[in-house]
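Novice: One structure is given below, represented as structure tokens, and several questions about it will come after.
The values are calculated or read from the model by the stated rules, or taken from the named source; none is laboratory data. Because the structure is a prediction, the values reported are computed rather than measured. As a convention, Cβ positions derive from the backbone with ideal geometry for all residues, glycine included, and neighbour counts pool all protein chains shown. Accessible surface areas use protein heavy atoms only, side chains included; no ligands, DNA or RNA. Shrake-Rupley method; radii C 1.70, N 1.55, O 1.52, S 1.80 Å.
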Amino acid sequence: MQVIETEIPAVKRVIPKRHGDDRGWFSEVYRADTLAEHGIANVFLQDNQSFSAPAGTIRGLHFQVAPNAQAKLVRVLAGAILDVAVDIRSDSPTYGRHVAVRLDATGGEQLFVPAGFAHGFCTLEPNTMVAYKVDAYYSPADDRNLRWNDPAIGIEWPVAEAEAILSGKDKAAPFLADLGRVF
């Protein structure tokens, strides 16, 4: 398993090794000791899974605040996504910057998104299934979101704004400038 820092070092790409033969392949997709050697020592408590039928579905940008802030380990089970993590740690030198990584079921790469980041993705293919581990339980009282198309963040989404498929909650999310200090 390889763990590679991104342009924001707290966000890491996790690339499990695949062992293949004529039957297919086998891969260890989560191994606590190996991840801990690379600074990911989170204890994951809950697994989440989402299914998006159409390509161009955007989910996010979501996060939870303390005391239930969540780190996530994201992977794609079917299809492909553009996965995005936005630094919303007020005192961070990379505040307001983001990392965007293509994840797909074929390659098996994962993205580690620490607490203090808003997370979201856009489906690149129909019938996309995403799974992610979190290190804090879902808490409706601590659930927050950030505007997916905030020009101050400048995410280059792979879908036109008029064609993006979003929930009402995500369409009405606050801009970074209106978010206040959350981390």
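Novice: Does the stretch 31-47 contain any residue that is surrounded by 13 or more Cβ atoms within 10 Å (Cβ to Cβ), polar (S, T, N, Q) and in contact with a Ser or Thr (Cβ under 6 Å, 6 or more places away or on another chain)?
Specialist: Looking through the stretch 31-47, none of the residues is surrounded by 13 or more Cβ atoms within 10 Å (Cβ to Cβ), polar (S, T, N, Q) and in contact with a Ser or Thr (Cβ under 6 Å, 6 or more places away or on another chain).
Novice: Restricting attention to the stretch 146-183, which residues are in a loop (DSSP other than H, G, I, E, B), over 20 Å from SER90 (Cβ atoms), of a type in the set (A, V, I, L, M) and open to solvent by 60 Å² or more (accessible area, probe 1.4 Å)?
Specialist: ALA172
Novice: Scan the stretch 94-130 residue by residue and report those that are part of a strand (DSSP E or B), open to solvent by 20 Å² or more (accessible area, probe 1.4 Å), in contact with an Asp or Glu (Cβ under 9 Å, 6 or more places away or on another chain) and touching a residue at least 40 places away in the same chain (Cβ under 8 Å).
Specialist: HIS98, ALA100
Novice: Let me ask something else. Quick one: ILE4 ticks every box in (1) surrounded by 12 or more Cβ atoms within 10 Å (Cβ to Cβ); (2) within 30 Å of GLU156 (Cβ to Cβ); (3) β-branched (Val, Ile, Thr) bar one, so which box is it?
Specialist: (1)
Novice: Need the failing condition index for GLY154 against (1) under 23 Å from ASP104 (Cβ atoms); (2) free of Cβ contacts under 8 Å to residues at least 60 places away in the same chain, just the number.
Specialist: Among (1) under 23 Å from ASP104 (Cβ atoms); (2) free of Cβ contacts under 8 Å to residues at least 60 places away in the same chain, GLY154 violates only (1).
Novice: Looking at the stretch 58-79, which of its residues are out of contact with any Phe, Trp or Tyr (no Cβ under 8 Å at 6 or more places or on another chain) and open to solvent by less than 30 Å² (accessible area, probe 1.4 Å)?
Specialist: Once the filter is applied, which keeps residues that are out of contact with any Phe, Trp or Tyr (no Cβ under 8 Å at 6 or more places or on another chain) and open to solvent by less than 30 Å² (accessible area, probe 1.4 Å), the stretch 58-79 yields VAL76, GLY79.
Novice: So which strands (runs of 3 or more DSSP E) are wholly in the stretch 12-93 and hold at least 1 residues that are closer than 30 Å to VAL182 by Cα, more than 15 Å from the chain's Cα centre (by Cα) and without any contact (Cβ under 8 Å) to a residue 60 or more places away in the chain?
Specialist: Hits in the stretch 12-93: none.
Novice: I'd like the full set of residues that are open to solvent by 60 Å² or more (accessible area, probe 1.4 Å) and either within 17 Å of ARG59 (Cα to Cα) or not in a helix (DSSP H, G or I) (or both), limited to the stretch 131-145.
Specialist: TYR137, TYR138, PRO140, ARG144
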